[in-house]
Amino acid sequence: MELSWTSLLPSLLAIVFAIVTRKVLFALIGGIILANVLLFWPAPANIAYGTLDSTWETLIDPGNMLVWFFTLGIGALFGVLEKGGTFKQFVLKLERKQWIESKRRARFMTWVLGVIVFIESNVTIMISGTTSRPIYDRLGISREKLAYIVDSTCAAICILIPLNAWGAFNLTLISKQGVDQPLMVFIQSIAFNFYAIFAVLLALFVALFDWNIGPMKAFEKNAVPDQVSKNPWGDGPDETATFGKGTAVVLTSLISLVVMVPVMLLITGNGVLVEGDGTLSVFIAIYIALGIASIGTLLTQSVNIKDIAEYILKGAWNILPLAVILWLSIALGGLTRDLGTGEFLASVLDGSVSLWMLLPLIFVLSAITGFSIGSSWGTFAIMLPLAIPLAMTLGLPPAPFIAAAISGGIFGDHASPISDTTIIASMASGVEHIDHVRTQLPYALIAGVGATLAYAATGLLM
């Protein structure tokens, strides 16, 4: 079809609707319907058929089926670990290791926990927050500082070490845009993920040197050492009966998940890691870890097969909205390609907007979207189908554009008061949510400004 500004409308509708309503699902549905209206107007029957056909074909695509089951699998895995009680025992054991006797070591321990537990952002937050909180109370470090450190390392690390749901989610979005060697390009984009890199390094600097700015100064000044650390999980005999065994189940399942991903990449890539099937590799690794977690929980906890099945179903149900977001975003991405959105943007921007401005613009737009809807994944789903075709049409490397869209989503989500990770960080650290938002925002803005300048510099060098 002839290139026109109307090809932008489905994506713009999704962005604006998501910002106004904070409902990513409805925003994506609206974008899909509008795209079919533009493709088939004025034939109502064709519009209805196109809407149903595009979503159905995306749903039943064999390549996508792995992604749906993988996404549900990650929810099932953490459902078993959490509801089965092994994760609770794991946290309890870590909390009892009160060998950290200085403030700097305590802050650094929290940062290290956030870095090494890169499987899932909310798991990172819960482990870092709940294990560090009693130590912070005992040493007189503000819980607001704890909330900042755990929140700054969760999503940022998950996207920088993408052997997890984050990696599979974005790899799928990238591959559906027709990128050659999507896994290699995704790996290349990590080096350009400036906000995530700056956020993690800034959190490390704060942990080592106790740098306090803005409202954080007052909370740190008022923090009082407390020699009595209360165990948030309780300390009854029933909870510690299978203490060591429950911890072993968590560690074994998570370690197997981390190890099996590169192993399967090597197998599916015939010995070449970057040529492996990323989606299939993560899919197999997830279900191996789920099997280990289920069998281990049966052997070490007072549960039966019926309980395990219930935990699996509840975990999968809790993560189902992410699978639906991914499904709809892939459908919308295919429709925007049919409309020639990338080609039109390239034709407009070519000569009218300097190339060095493109990356900062994508980063800022993604940040605004992420901040407004409180979802980094929702932002990825909306922005990647715009950024990638733009780069490919202009003949530019897609990796920096992918990174700008992802990095902006991380920034917006990190700073957003309605983000689930921000809320969970407040809960895990035991602080008032608005206090966490206020104390964290100055640090996030510093990293955000640095990332914007870095993208401008990258654009000048392209």
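Brief remarks on what is shown
- Picking from residues in segment 107-137 that are at pLDDT 85 or above and hydrophobic (A, V, I, L, M, F, W, C), the one that is farthest from V261 (Cα to Cα) is F108.
- Checked against the criterion of being open to solvent by 50 Å² or more (accessible area, probe 1.4 Å) and under 24 Å from the mean Cα position of the chain (by Cα), the candidates L52, L28, L12 yield just one match: L12.
- Residue match in segment 266-273 (condition: among the hydroxyl-bearing types (S, T, Y) and open to solvent by less than 50 Å² (accessible area, probe 1.4 Å)): yes
- Test result for Y455, in contact with a Pro (Cβ under 6 Å, 6 or more places away or on another chain), of a type outside the set (A, V, I, L, M) and over 21 Å from I325 (Cβ atoms): yes
- Matching residues in segment 274-290 - criterion: being open to solvent by 30 Å² or more (accessible area, probe 1.4 Å) and either touching a residue at least 60 places away in the same chain (Cβ under 8 Å) or charged (D, E, K, R) (or both): V274, E275, D277, L280, F283, Y287
- Restricting attention to segment 416-452, the residues that are open to solvent by 10 Å² or more (accessible area, probe 1.4 Å) and assigned to a helix (DSSP H, G or I) add up to 16.
- Residues that are open to solvent by less than 10 Å² (accessible area, probe 1.4 Å), of a type outside the set (V, I, T), more than 18 Å from L320 (Cα to Cα) and at pLDDT below 85 within segment 366-382 comprise just one, G370.
- Residue in segment 352-364 that is modelled with pLDDT under 75, surrounded by fewer than 24 Cβ atoms within 10 Å (Cβ to Cβ) and more than 25 Å from the chain's Cα centre (by Cα) present: yes
- Flag for I325 being within 21 Å of I29 (Cα to Cα), surrounded by 17 or more Cβ atoms within 10 Å (Cβ to Cβ), at pLDDT 75 or above and out of contact with any strand residue (DSSP E or B) (no Cβ under 9 Å at 6 or more places or on another chain): yes
- Any pair with Cβ under 9 angstrom, 6 or more apart, that starts in segment 291-302 at a residue that is free of Cβ contacts under 8 Å to residues at least 60 places away in the same chain and under 16 Å from F78 (Cα atoms) and ends at one that is part of a helix (DSSP H, G or I) and of a type in the set (D, E, K, R): L298/D307
- Output for segment 185-207, where each listed residue is over 17 Å from the mean Cα position of the chain (by Cα) and open to solvent by less than 50 Å² (accessible area, probe 1.4 Å): V185, L202, A203, L204, V206, A207
- Yes/no for A457 being in a helix (DSSP H, G or I), open to solvent by less than 70 Å² (accessible area, probe 1.4 Å) and under 10 Å from L359 (Cα atoms): yes
- Figure legend. Inter-residue proximity from segment 166-195: first residues touching a residue at least 60 places away in the same chain (Cβ under 8 Å), second residues among the hydroxyl-bearing types (S, T, Y), beta-carbon distance below 6 Å, spacing 6+ or different chains. Indicated pairs: A168/T279; P182/S175; N193/S407; F194/S407; Y195/S407.
- Answer from L280, L265, L251, L290 - the residue that is at pLDDT below 80, under 23 Å from the mean Cα position of the chain (by Cα), closer than 22 Å to L66 by Cα and among the hydrophobic types (A, V, I, L, M, F, W, C): L265
- Among the residues making up segment 139-163, those that are without any contact (Cβ under 8 Å) to a residue 60 or more places away in the chain and open to solvent by 20 Å² or more (accessible area, probe 1.4 Å) are L160, I161, P162.
The values are calculated or read from the model by the stated rules, or taken from the named source; none is laboratory data. As the structure is a computational prediction, the values presented were derived from the model and not from experiment. Don't worry about glycine lacking a Cβ; one is built from the backbone with ideal geometry, like all the others, and counts go over all protein chains shown. In case anyone asks, the SASA skips ligands and DNA or RNA and just uses the protein heavy atoms, side chains included. Shrake-Rupley method; radii C 1.70, N 1.55, O 1.52, S 1.80 Å.
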